[in-house]
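Structure first, commentary second.
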Amino acid sequence: MTPAVGIAGIGLLGPGLAGWAAARPVLAGHTSFAPAPVTPPVPAMLPATERRRTGPSVRLALAVAAEAVQASGLPPEELDSVFASANGEGQVIVSILEALHEPDGAISPTQFHNSVHNAAAGYWGIAAGSARPSVSLGGHDFVFATGLMTAVAQVTAQKAPVLLVVHDVPLPPPLAALNPGEGSFAAALLLVPEGAALGSLRVGYRAGGPLTEPALPAGLDAVRAGNPAARALPLLVALAAGQPATLSFALPEAAALDVAVAP
């Protein structure tokens, strides 16, 4: 496994999980989970013009990124970042496809620049005033493991903090038939080279073998099953409980990412 990386900040937004501080007792099993719809907040960090252009997935991403960075106390403009999303802005894609079926086939420039997979990273750069490097990833149902592996590798190689943001909203019809989902979810981890108060991680790539799928507190299994980004929940549960844990997350081609969590 890689050397340990620390966690200096966490952001979270999902059904019944309104921020890390509010969600922590639910994830630790001290408070019952109560499902509630997720309304992505308006990103106050952005100038008014850009704020109006953002879609739900971008708003989710910016909300958890801001929460994690604020908790860490690190300057947002100095952070490299990794943004990972299975679906991106599905609503924008559907709008563009519908526009292409119109007689003139005209596509709004605003919709076009919101359709690209690095839209969330671009808006974060504007919001944070950052020109630091950023990586944007897909990964389908493996998006959390792919993003975590990339971010930890960056921290380990560069000996510098990296902001990891994983975010997804359900696809609208007709795209929903290709990747059904339910409930919006986003999580952010501010990873640092040294140990930190919120815990530390070691990760290792494995070519195959069994996965460790721990049970989640009541109700959270449905959240995990309904959104690719919510595959992060077992790690968040371990961090909330403050107990050592060994987890496995599926990667493409039957590979796995093994994660050792230490409080």
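Here is how the numbers come out for the structure above:
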{"quantity": "Largest to smallest principal axis extent of the C-alpha atoms in the stretch 55-141, angstrom", "calculated": "52, 29, 19"}
{"quantity": "49, 39, 54, reordered so the largest accessible area comes first (probe 1.4 Å)", "calculated": "39, 49, 54"}
{"quantity": "Heavy-atom accessible surface of the chain: percent carbon and sulfur, 1.4 Å", "calculated": "59"}
{"quantity": "Ranked packing of 56-66, 23-33, 222-232, 101-111, most packed first, by mean Cβ within 10 Å", "calculated": "56-66, 222-232, 23-33, 101-111"}
{"quantity": "Residues of the stretch 71-201: accessible area per residue with a 1.4 Å probe, Å²", "calculated": "44"}
{"quantity": "Set of the stretch 1-34 residues, backbone N closer than 20 Å to the point 7 Å along the Cα-Cβ line of residue 246", "calculated": "1-5"}
{"quantity": "Probe 1.4 Å, all protein chains present, accessible-area order of 10, 126, largest first", "calculated": "126, 10"}
{"quantity": "Rg and Dmax of the stretch 164-234, Cα atoms only, in Å", "calculated": "15.1, 45"}
{"quantity": "Karplus-derived HN-Hα couplings along the stretch 119-132 (A = 6.51, B = -1.76, C = 1.60, θ = phi - 60°), whole Hz, x at Gly and Pro", "calculated": "4, 4, 5, x, 5, 5, x, 5, 5, 8, x, 10, 10, 6"}
{"quantity": "Of every Cα-Cα pair in the stretch 1-119, the percent that sits beyond 18 Å", "calculated": "63"}
{"quantity": "Relative contact order %, the stretch 42-147, counting alpha carbon pairs below 8 Å whose residues are six or more apart", "calculated": "38"}
{"quantity": "From the C-alpha gyration tensor of the chain, square roots of 5λ in Å", "calculated": "29, 21, 18"}
{"quantity": "Only Lys, Arg (+1) and Asp, Glu (-1) charged, at Cβ; the stretch 1-142 dipole about Cα centre in debye", "calculated": "360"}
{"quantity": "Relative contact order %, the chain, counting alpha carbon pairs below 8 Å whose residues are six or more apart", "calculated": "28"}
{"quantity": "Positive-end extreme of charge dipole, the chain - chosen from 208, 149, 117 (charges on Cβ)", "calculated": "149"}
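The values are calculated or read from the model by the stated rules, or taken from the named source; none is laboratory data. What you see is a predicted model, and the numbers here were worked out from it, not measured in a lab. Virtual Cβ from ideal backbone geometry, glycine too; neighbours counted across all protein chains shown. Note: accessible area is taken over every heavy atom of the protein model, side chains too, but ligands, DNA and RNA are not part of it. Shrake-Rupley method; radii C 1.70, N 1.55, O 1.52, S 1.80 Å.
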